[in-house]
Amino acid sequence: MLIFAVESSCDETSLCLMRSNGSILSHIIASQEIHSKFGGVVPELASRSHLSNIQQIYKNCLIEAKITEKDIDACCATIGPGLIGSLLVGSTFVKSLSMTLNKPFYPINHLEGHILSPTFNNKVKFPYLCFLLTGGHTQIYLVNSIGKYKLLGETIDDAVGEAFDKVAKLLDLPYPGGPSIEYSAKTGDINAVNLPHPLKKYKNLNFSFSGIKTSVNLHIKKNGMNKNLVKNISASFQNKISEILIEKLNLCLQELKNNNVYVNDLALVGGVAANKFLRLKIKNECTKKNINLIVPPKKMFGDNAGMIAWACIQKLKHSKIKNDLYFRPNPRLEIENKL
Ligand code: KG4
Ligand code: ZN
(Lines give C-alpha, C1' and ligand atoms only; values in the text may rest on other atoms or scores of the structure.)
(Ligands and ions follow the chains in the order given, each with its own letter.)
Protein backbone atom coordinates (compact mmCIF):
# COMPACT_ATOMS: atom_id res chain seq x y z
CA MET A 1 0.00 0.00 0.00
CA LEU A 2 1.28 3.48 -0.86
CA ILE A 3 0.34 6.30 1.54
CA PHE A 4 0.48 10.00 0.73
CA ALA A 5 0.77 12.29 3.79
CA VAL A 6 0.79 16.03 4.40
CA GLU A 7 1.86 17.86 7.55
CA SER A 8 1.08 21.58 7.66
CA SER A 9 0.17 22.35 11.27
CA CYS A 10 2.68 25.18 11.71
CA ASP A 11 5.50 26.53 9.55
CA GLU A 12 6.70 23.40 7.75
CA THR A 13 5.06 22.30 4.51
CA SER A 14 5.94 18.64 4.49
CA LEU A 15 4.84 15.86 2.13
CA CYS A 16 5.69 12.17 2.19
CA LEU A 17 5.07 9.10 0.07
CA MET A 18 5.59 5.98 2.16
CA ARG A 19 4.86 2.31 1.60
CA SER A 20 3.13 0.40 4.39
CA ASN A 21 6.40 -1.46 5.11
CA GLY A 22 7.95 1.91 6.01
CA SER A 23 9.99 2.42 2.89
CA ILE A 24 10.08 6.10 1.98
CA LEU A 25 9.78 7.03 -1.69
CA SER A 26 9.88 10.76 -1.05
CA HIS A 27 9.92 12.94 2.07
CA ILE A 28 10.10 16.70 1.61
CA ILE A 29 10.19 19.20 4.48
CA ALA A 30 10.00 22.82 3.35
CA SER A 31 10.59 25.16 6.29
CA GLN A 32 9.18 28.65 5.85
CA GLU A 33 12.02 31.17 6.15
CA ILE A 34 9.68 34.16 6.20
CA HIS A 35 9.06 33.95 9.97
CA SER A 36 12.68 34.35 11.09
CA LYS A 37 12.62 38.13 10.71
CA PHE A 38 9.62 38.31 13.07
CA GLY A 39 11.25 36.08 15.71
CA GLY A 40 8.29 33.68 15.68
CA VAL A 41 5.62 32.16 13.45
CA VAL A 42 3.09 34.62 11.98
CA PRO A 43 -0.04 32.48 11.43
CA GLU A 44 -1.45 34.35 8.41
CA LEU A 45 1.93 34.26 6.63
CA ALA A 46 2.22 30.56 7.43
CA SER A 47 -1.11 29.68 5.75
CA ARG A 48 -0.33 31.86 2.72
CA SER A 49 3.06 30.23 2.38
CA HIS A 50 1.55 26.69 2.57
CA LEU A 51 -0.94 27.73 -0.09
CA SER A 52 1.65 29.05 -2.51
CA ASN A 53 4.06 26.12 -2.04
CA ILE A 54 2.04 22.96 -1.65
CA GLN A 55 1.20 22.30 -5.32
CA GLN A 56 4.82 22.54 -6.48
CA ILE A 57 6.07 20.43 -3.54
CA TYR A 58 3.45 17.81 -4.44
CA LYS A 59 4.76 17.67 -8.02
CA ASN A 60 8.35 17.39 -6.75
CA CYS A 61 7.29 14.62 -4.38
CA LEU A 62 5.81 12.55 -7.25
CA ILE A 63 8.90 13.11 -9.41
CA GLU A 64 11.26 12.12 -6.60
CA ALA A 65 9.20 8.99 -5.87
CA LYS A 66 9.06 8.14 -9.59
CA ILE A 67 5.35 7.41 -9.43
CA THR A 68 2.14 8.91 -10.80
CA GLU A 69 -0.67 9.93 -8.49
CA LYS A 70 -2.71 6.94 -9.67
CA ASP A 71 -0.28 4.74 -7.68
CA ILE A 72 -1.42 6.32 -4.38
CA ASP A 73 -3.63 3.96 -2.34
CA ALA A 74 -4.59 6.19 0.60
CA CYS A 75 -4.18 9.79 1.74
CA CYS A 76 -3.75 11.31 5.18
CA ALA A 77 -3.12 14.74 6.69
CA THR A 78 -2.59 16.41 10.03
CA ILE A 79 -5.94 17.75 11.24
CA GLY A 80 -4.80 19.23 14.57
CA PRO A 81 -3.61 20.56 16.88
CA GLY A 82 -2.00 23.53 15.14
CA LEU A 83 -2.71 26.79 13.36
CA ILE A 84 -6.19 26.61 11.84
CA GLY A 85 -5.30 28.34 8.53
CA SER A 86 -2.29 26.09 8.05
CA LEU A 87 -4.22 22.94 8.95
CA LEU A 88 -6.99 23.94 6.53
CA VAL A 89 -4.63 24.41 3.58
CA GLY A 90 -2.91 21.03 4.01
CA SER A 91 -5.96 18.95 4.91
CA THR A 92 -8.20 20.49 2.22
CA PHE A 93 -5.52 19.84 -0.40
CA VAL A 94 -5.32 16.18 0.63
CA LYS A 95 -9.09 15.76 0.91
CA SER A 96 -9.53 17.12 -2.63
CA LEU A 97 -6.85 14.74 -3.87
CA SER A 98 -8.47 11.73 -2.22
CA MET A 99 -11.84 12.68 -3.76
CA THR A 100 -10.27 13.04 -7.20
CA LEU A 101 -8.42 9.72 -6.88
CA ASN A 102 -11.37 8.06 -5.17
CA LYS A 103 -9.08 6.87 -2.36
CA PRO A 104 -9.68 7.03 1.43
CA PHE A 105 -8.72 10.05 3.54
CA TYR A 106 -7.43 9.47 7.06
CA PRO A 107 -7.25 12.34 9.58
CA ILE A 108 -4.13 12.18 11.79
CA ASN A 109 -3.49 13.87 15.13
CA HIS A 110 -0.17 15.75 15.02
CA LEU A 111 0.72 14.71 18.58
CA GLU A 112 0.14 11.07 17.74
CA GLY A 113 2.50 11.50 14.79
CA HIS A 114 5.23 12.65 17.18
CA ILE A 115 4.42 10.00 19.82
CA LEU A 116 4.66 7.08 17.37
CA SER A 117 7.69 8.46 15.48
CA PRO A 118 10.31 6.43 17.44
CA THR A 119 8.51 3.18 16.55
CA PHE A 120 9.64 3.84 12.97
CA ASN A 121 13.28 2.98 13.72
CA ASN A 122 13.15 1.16 17.09
CA LYS A 123 11.68 -2.10 18.24
CA VAL A 124 9.62 -0.97 21.20
CA LYS A 125 7.96 -2.91 23.94
CA PHE A 126 4.63 -1.54 25.16
CA PRO A 127 4.05 0.25 27.40
CA TYR A 128 6.69 2.89 26.76
CA LEU A 129 7.11 6.30 28.27
CA CYS A 130 7.05 9.28 25.94
CA PHE A 131 8.21 12.83 26.60
CA LEU A 132 6.62 15.01 23.92
CA LEU A 133 8.76 18.14 23.68
CA THR A 134 7.67 20.60 21.01
CA GLY A 135 7.10 24.31 20.47
CA GLY A 136 3.43 24.01 21.43
CA HIS A 137 3.35 21.04 23.84
CA THR A 138 5.26 19.55 26.75
CA GLN A 139 3.57 16.37 27.84
CA ILE A 140 4.37 12.98 29.34
CA TYR A 141 2.47 9.98 27.98
CA LEU A 142 2.35 6.35 28.88
CA VAL A 143 1.95 4.66 25.49
CA ASN A 144 0.07 1.45 26.22
CA SER A 145 -0.41 0.42 22.58
CA ILE A 146 -1.13 2.04 19.21
CA GLY A 147 -4.08 4.35 19.90
CA LYS A 148 -3.95 4.05 23.71
CA TYR A 149 -2.14 6.93 25.35
CA LYS A 150 -2.38 8.00 28.96
CA LEU A 151 -1.49 11.62 29.68
CA LEU A 152 0.54 11.67 32.91
CA GLY A 153 1.57 15.33 33.05
CA GLU A 154 1.96 18.49 31.00
CA THR A 155 3.04 22.11 31.14
CA ILE A 156 0.82 24.55 32.95
CA ASP A 157 2.18 27.54 30.99
CA ASP A 158 4.80 27.71 28.21
CA ALA A 159 5.91 24.68 26.23
CA VAL A 160 9.59 23.76 26.49
CA GLY A 161 10.29 24.69 22.84
CA GLU A 162 8.47 27.97 23.41
CA ALA A 163 10.78 28.62 26.37
CA PHE A 164 13.82 28.00 24.11
CA ASP A 165 12.35 30.38 21.51
CA LYS A 166 11.51 33.11 24.05
CA VAL A 167 14.86 32.95 25.85
CA ALA A 168 16.64 33.07 22.45
CA LYS A 169 14.65 36.19 21.59
CA LEU A 170 15.71 37.81 24.89
CA LEU A 171 19.32 36.94 24.00
CA ASP A 172 18.96 38.33 20.46
CA LEU A 173 19.65 34.89 19.00
CA PRO A 174 17.98 33.89 15.71
CA TYR A 175 14.67 32.02 15.43
CA PRO A 176 14.05 29.11 15.96
CA GLY A 177 15.58 29.47 19.39
CA GLY A 178 16.29 25.82 20.14
CA PRO A 179 19.16 25.24 17.71
CA SER A 180 20.53 28.79 18.38
CA ILE A 181 20.68 28.21 22.13
CA GLU A 182 22.18 24.74 21.70
CA TYR A 183 24.95 26.24 19.55
CA SER A 184 25.58 29.24 21.81
CA ALA A 185 25.63 27.01 24.92
CA LYS A 186 28.56 24.96 23.59
CA THR A 187 31.07 27.56 24.80
CA GLY A 188 29.13 28.73 27.88
CA ASP A 189 29.33 27.78 31.56
CA ILE A 190 26.37 25.77 32.85
CA ASN A 191 26.95 27.06 36.39
CA ALA A 192 27.31 30.74 35.52
CA VAL A 193 23.71 31.82 36.04
CA ASN A 194 21.45 30.56 38.78
CA LEU A 195 18.01 29.95 37.29
CA PRO A 196 14.90 28.72 39.13
CA HIS A 197 13.61 25.14 39.06
CA PRO A 198 9.83 25.74 38.91
CA LEU A 199 7.40 23.37 40.70
CA LYS A 200 10.30 21.51 42.34
CA LYS A 201 8.50 21.27 45.64
CA TYR A 202 5.33 19.90 44.03
CA LYS A 203 5.77 16.20 43.48
CA ASN A 204 3.60 15.98 40.39
CA LEU A 205 4.34 15.47 36.69
CA ASN A 206 3.43 18.94 35.46
CA PHE A 207 5.92 21.43 34.09
CA SER A 208 6.25 25.20 34.23
CA PHE A 209 8.73 27.16 32.14
CA SER A 210 7.52 30.76 32.17
CA GLY A 211 9.38 31.61 35.42
CA ILE A 212 12.75 30.67 33.91
CA LYS A 213 12.14 33.01 30.99
CA THR A 214 11.24 35.85 33.43
CA SER A 215 14.36 35.11 35.45
CA VAL A 216 16.52 35.33 32.30
CA ASN A 217 14.86 38.64 31.45
CA LEU A 218 15.59 40.07 34.92
CA HIS A 219 19.18 38.82 34.77
CA ILE A 220 19.75 40.60 31.44
CA LYS A 221 18.15 43.81 32.74
CA LYS A 222 20.40 43.74 35.80
CA ASN A 223 23.67 42.73 34.14
CA GLY A 224 23.29 44.02 30.60
CA MET A 225 24.19 41.83 27.65
CA ASN A 226 27.51 40.79 26.24
CA LYS A 227 28.81 37.85 24.22
CA ASN A 228 29.92 35.87 27.28
CA LEU A 229 26.68 36.40 29.11
CA VAL A 230 24.71 35.15 26.09
CA LYS A 231 26.79 31.96 26.04
CA ASN A 232 26.54 31.50 29.80
CA ILE A 233 22.79 32.08 29.95
CA SER A 234 22.33 29.67 27.02
CA ALA A 235 24.36 26.99 28.80
CA SER A 236 22.74 27.55 32.21
CA PHE A 237 19.24 27.60 30.71
CA GLN A 238 19.78 24.43 28.67
CA ASN A 239 21.27 22.69 31.69
CA LYS A 240 18.31 23.74 33.88
CA ILE A 241 15.91 22.30 31.29
CA SER A 242 17.82 19.00 31.45
CA GLU A 243 17.57 18.99 35.26
CA ILE A 244 13.82 19.60 35.09
CA LEU A 245 13.27 16.82 32.56
CA ILE A 246 15.40 14.39 34.58
CA GLU A 247 13.59 15.25 37.82
CA LYS A 248 10.23 14.58 36.13
CA LEU A 249 11.55 11.35 34.63
CA ASN A 250 12.53 10.05 38.05
CA LEU A 251 9.24 11.12 39.61
CA CYS A 252 7.39 9.48 36.78
CA LEU A 253 9.29 6.18 37.07
CA GLN A 254 8.62 6.16 40.81
CA GLU A 255 4.92 6.82 40.27
CA LEU A 256 4.67 4.06 37.67
CA LYS A 257 6.52 1.67 39.96
CA ASN A 258 4.06 2.47 42.76
CA ASN A 259 1.34 1.35 40.35
CA ASN A 260 3.27 -1.76 39.29
CA VAL A 261 3.90 -0.40 35.80
CA TYR A 262 7.38 -1.01 34.38
CA VAL A 263 8.73 0.43 31.14
CA ASN A 264 11.70 -0.61 29.03
CA ASP A 265 11.90 2.46 26.86
CA LEU A 266 11.80 6.21 27.22
CA ALA A 267 10.99 8.02 23.98
CA LEU A 268 11.99 11.63 23.45
CA VAL A 269 10.02 13.16 20.58
CA GLY A 270 9.36 16.57 19.02
CA GLY A 271 11.64 19.40 17.92
CA VAL A 272 13.32 19.87 21.32
CA ALA A 273 14.37 16.20 21.36
CA ALA A 274 16.81 17.12 18.57
CA ASN A 275 18.93 18.81 21.26
CA LYS A 276 22.07 16.68 21.70
CA PHE A 277 22.98 18.09 25.13
CA LEU A 278 19.53 17.23 26.54
CA ARG A 279 19.64 13.79 24.96
CA LEU A 280 23.06 13.02 26.42
CA LYS A 281 22.04 14.11 29.93
CA ILE A 282 18.83 12.08 29.76
CA LYS A 283 20.63 9.10 28.27
CA ASN A 284 23.04 9.04 31.23
CA GLU A 285 20.08 9.03 33.61
CA CYS A 286 18.37 6.26 31.63
CA THR A 287 21.52 4.13 31.83
CA LYS A 288 21.44 4.50 35.63
CA LYS A 289 17.80 3.46 35.66
CA ASN A 290 18.32 0.60 33.22
CA ILE A 291 16.02 2.11 30.62
CA ASN A 292 16.55 2.34 26.90
CA LEU A 293 16.43 5.83 25.41
CA ILE A 294 14.76 5.88 22.00
CA VAL A 295 14.36 8.72 19.52
CA PRO A 296 12.95 8.93 15.98
CA PRO A 297 15.19 9.20 12.91
CA LYS A 298 16.81 12.65 12.60
CA LYS A 299 14.36 13.84 9.94
CA MET A 300 11.40 13.04 12.21
CA PHE A 301 12.26 15.20 15.26
CA GLY A 302 10.67 18.42 14.02
CA ASP A 303 7.41 18.64 12.12
CA ASN A 304 7.38 16.29 9.16
CA ALA A 305 4.94 14.30 7.02
CA GLY A 306 6.93 11.06 7.47
CA MET A 307 5.68 10.69 11.04
CA ILE A 308 2.12 11.40 9.84
CA ALA A 309 2.34 8.69 7.16
CA TRP A 310 3.86 6.27 9.69
CA ALA A 311 1.15 6.98 12.32
CA CYS A 312 -1.49 6.38 9.65
CA ILE A 313 0.12 3.06 8.66
CA GLN A 314 0.33 1.92 12.30
CA LYS A 315 -3.28 2.88 12.97
CA LEU A 316 -4.47 1.10 9.83
CA LYS A 317 -2.56 -2.04 10.84
CA HIS A 318 -4.30 -2.03 14.21
CA SER A 319 -7.72 -1.02 12.80
CA LYS A 320 -7.64 2.17 14.86
CA ILE A 321 -8.65 4.60 12.13
CA LYS A 322 -11.54 5.26 9.77
CA ASN A 323 -11.80 6.88 6.38
CA ASP A 324 -13.37 10.26 7.19
CA LEU A 325 -13.43 12.94 4.54
CA TYR A 326 -15.58 15.15 6.75
CA PHE A 327 -13.29 15.31 9.78
CA ARG A 328 -12.89 19.03 10.46
CA PRO A 329 -9.42 20.36 11.33
CA ASN A 330 -9.30 21.27 15.01
CA PRO A 331 -6.60 23.68 16.26
CA ARG A 332 -7.02 22.35 19.80
CA LEU A 333 -7.40 18.67 19.03
CA GLU A 334 -6.41 16.51 21.98
CA ILE A 335 -4.93 13.08 21.88
CA GLU A 336 -7.86 11.55 23.73
CA ASN A 337 -10.15 12.54 20.85
CA LYS A 338 -11.02 9.34 19.07
CA LEU A 339 -10.12 9.57 15.43
O1 KG4 B 1 8.07 19.58 16.97
P2 KG4 B 1 8.34 20.93 16.43
O3 KG4 B 1 9.13 21.03 15.14
O4 KG4 B 1 7.03 21.75 16.19
C5 KG4 B 1 5.93 21.74 17.06
O6 KG4 B 1 5.14 20.77 16.98
O7 KG4 B 1 5.85 22.70 17.84
O8 KG4 B 1 9.11 21.76 17.57
C9 KG4 B 1 9.54 23.05 17.34
C10 KG4 B 1 10.31 23.51 18.57
C11 KG4 B 1 10.75 24.97 18.50
O12 KG4 B 1 10.35 25.61 19.68
C13 KG4 B 1 12.26 24.87 18.40
O14 KG4 B 1 12.96 25.96 18.99
C15 KG4 B 1 12.54 23.58 19.14
O16 KG4 B 1 11.50 22.72 18.74
N17 KG4 B 1 13.83 23.00 18.76
C18 KG4 B 1 14.85 22.82 19.64
C19 KG4 B 1 15.94 22.33 18.89
N20 KG4 B 1 15.55 22.22 17.59
C21 KG4 B 1 14.25 22.63 17.52
N22 KG4 B 1 14.92 23.04 20.96
C23 KG4 B 1 16.09 22.77 21.57
N24 KG4 B 1 17.19 22.33 20.92
C25 KG4 B 1 17.16 22.09 19.60
N26 KG4 B 1 18.26 21.65 18.96
ZN1 ZN C 1 5.19 19.14 16.12
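Filtering the range 130-150 to residues that are over 26 Å from G177 (Cβ atoms) and part of a strand (DSSP E or B) leaves L142, V143, N144, S145, K148, Y149, K150.
May I ask you to say which residue of N323, N304, N260 is over 23 Å from S20 (Cβ atoms) and either out of contact with any Cys (no Cβ under 7 Å at 6 or more places or on another chain) or of a type outside the set (A, V, I, L, M) (or both)? Write out each step before concluding.
Working: N323 fails: over 23 Å from S20 (Cβ atoms); N304 fails: over 23 Å from S20 (Cβ atoms).
One residue alone meets the criteria, N260.
Scanning the range 144-187 for residues that are more than 20 Å from S117 (Cα to Cα), more than 12 Å from ligand 1 (Cβ to nearest atom) and in contact with a Phe, Trp or Tyr (Cβ under 6 Å, 6 or more places away or on another chain) gives a single hit, T155. Of the residues making up the range 316-327, those that are out of contact with any Leu (no Cβ under 9 Å at 6 or more places or on another chain) and either modelled with pLDDT of 95 or more or within 19 Å of L83 (Cα to Cα) (or both) are L316, K317, N323, L325, Y326. Is it the case that the range 23-36 has a residue that's among the acidic types (D, E), touching a residue at least 40 places away in the same chain (Cβ under 8 Å) and surrounded by fewer than 18 Cβ atoms within 10 Å (Cβ to Cβ)? No, there is no match, as no residue in the range 23-36 is among the acidic types (D, E), touching a residue at least 40 places away in the same chain (Cβ under 8 Å) and surrounded by fewer than 18 Cβ atoms within 10 Å (Cβ to Cβ).
Just one of (1) within 22 Å of K298 (Cβ to Cβ); (2) within 22 Å of the chain's Cα centre (by Cα) fails for H50. It is (1).
Being closer than 13 Å to L116 by Cα and under 18 Å from the mean Cα position of the chain (by Cα): is that true of I308 here?
The answer is yes for I308.
Looking across the range 3-19, the residues that are within 15 Å of ligand 2 (Cβ to nearest atom) and either outside the structural domain of N109 (by TED's automatic domain parsing) or not charged (D, E, K, R) (or both) come down to A5, V6, S8, S9, C10, T13, S14, C16.
Among the residues in the range 274-293, are any surrounded by fewer than 24 Cβ atoms within 10 Å (Cβ to Cβ) and within 11 Å of the chain's Cα centre (by Cα)?
Taking the range 274-293 and keeping what is surrounded by fewer than 24 Cβ atoms within 10 Å (Cβ to Cβ), we get 274, 276-293.
When the remaining residues are screened for being within 11 Å of the chain's Cα centre (by Cα), the result is 274.
Checked against the condition, which is being surrounded by fewer than 24 Cβ atoms within 10 Å (Cβ to Cβ) and within 11 Å of the chain's Cα centre (by Cα), the range 274-293 yields at least one hit.
Note on the range 297-339: residues that are in contact with a helix residue (DSSP H, G or I) (Cβ under 6 Å, 6 or more places away or on another chain) and either without any contact (Cβ under 8 Å) to a residue 60 or more places away in the chain or surrounded by 16 or more Cβ atoms within 10 Å (Cβ to Cβ) (or both) total 12.
Every test in (1) among the hydroxyl-bearing types (S, T, Y); (2) out of contact with any Gly (no Cβ under 7 Å at 6 or more places or on another chain); (3) more than 18 Å from Q139 (Cα to Cα) is passed by S242 save one, and that test is (3).
Just to verify a result, which residue in the range 112-143, among those that are touching a residue at least 24 places away in the same chain (Cβ under 8 Å) and of a type in the set (F, W, Y), is farthest from ligand 1 (Cβ to nearest atom)?
Selected residue: Y128.
Only residues that are surrounded by fewer than 19 Cβ atoms within 10 Å (Cβ to Cβ) and either within 16 Å of ligand 2 (Cβ to nearest atom) or assigned to a loop (DSSP other than H, G, I, E, B) (or both): list them for the range 176-198, please. Hits for the range 176-198 are P179, K186, T187, D189, I190, N191, A192, N194, P196, H197.
The conditions of being of a type in the set (D, E), touching a residue at least 60 places away in the same chain (Cβ under 8 Å) and outside any strand (DSSP E or B) are met by E255. Just to check your reading of the model, which residue among G39, G22 is more than 16 Å from ligand 2 (Cβ to nearest atom) and either basic (K, R) or farther than 26 Å from P296 by Cα (or both)? On inspection, the qualifying residue turns out to be G39. The set of residues in the range 238-263 being among the basic types (K, R) and more than 17 Å from L199 (Cβ to Cβ) consists of K257 alone.
The values are calculated or read from the model by the stated rules, or taken from the named source; none is laboratory data. As the structure is a prediction and not an experimental result, all values here were calculated from the model. As a convention, Cβ positions derive from the backbone with ideal geometry for all residues, glycine included, and neighbour counts pool all protein chains shown.
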